[in-house]
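*Asks:* Below is one structure. I have some questions about it.
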Amino acid sequence: MDEITFIKKQSISLAREFGWRQTYYKEEKQLIAFLNKGSRCHIEIYLRSKRVITCLEHPKKGTTVMERNGIGPAEMRKIFEDPRAHTFKGKTI
């Protein structure tokens, strides 16, 4: 199994574990996206670059978008568990 397929399967498994559902997959961009059932938050994962984008409602700042780069399995788990989690590998965009 190649690395992109592995990351995709791992992402889907983690998403299900934490109550997220897949909303789309764009093969040409190697992009998979998830929506959290109980919130207005979504996560986009660029499988090739391991870049993760989260869009969520911040209690004080309103809608915010965070970009994280070079995310590994432990950090991915942390993000699915809490999309506001800080990995110290990204920035607000």
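The values are calculated or read from the model by the stated rules, or taken from the named source; none is laboratory data. All of these numbers come straight from a predicted model, not from anything done at the bench. FYI the Cβ positions are ideal-geometry reconstructions off the backbone, even for glycines, and counts take in every protein chain you see. Ligands, DNA and RNA are excluded from the accessible area calculation, which covers all protein heavy atoms including side chains. Shrake-Rupley method; radii C 1.70, N 1.55, O 1.52, S 1.80 Å.
One line per residue, one yes/no per condition, for (1) part of a strand (DSSP E or B); (2) under 13 Å from the mean Cα position of the chain (by Cα); (3) modelled with pLDDT of 95 or more; (4) surrounded by 13 or more Cβ atoms within 10 Å (Cβ to Cβ):
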| residue | (1), (2), (3), (4) |
| --- | --- |
| Met1 | no, no, no, no |
| Ser11 | no, yes, yes, yes |
| Leu14 | no, yes, yes, yes |
| Tyr25 | yes, yes, yes, yes |
| Ile32 | yes, yes, yes, yes |
| Arg40 | no, no, no, no |
| Ile43 | yes, yes, yes, yes |
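*Asks:* Now a separate question. Can you tell me which residue in the stretch 69-93 is nearest to Thr23 (Cα to Cα), limited to those that are assigned to a loop (DSSP other than H, G, I, E, B), modelled with pLDDT under 90 and open to solvent by 40 Å² or more (accessible area, probe 1.4 Å)?
*Replies:* Arg84
*Asks:* Is there any pair with a first residue in the stretch 70-93 that is over 21 Å from Lys9 (Cβ atoms) and a second that is in a loop (DSSP other than H, G, I, E, B) and basic (Lys, Arg) whose Cβ atoms are under 9 Å apart and which are 6 or more apart or on different chains, and what are they?
*Replies:* Listed by first residue and then by second, the contacts come to Thr92/Lys61.
*Asks:* Here's another thing I want to ask about it. For the stretch 49-68, indicate whether the set of residues that are in contact with an Asp or Glu (Cβ under 9 Å, 6 or more places away or on another chain), in a loop (DSSP other than H, G, I, E, B) and open to solvent by less than 20 Å² (accessible area, probe 1.4 Å) is non-empty.
*Replies:* no
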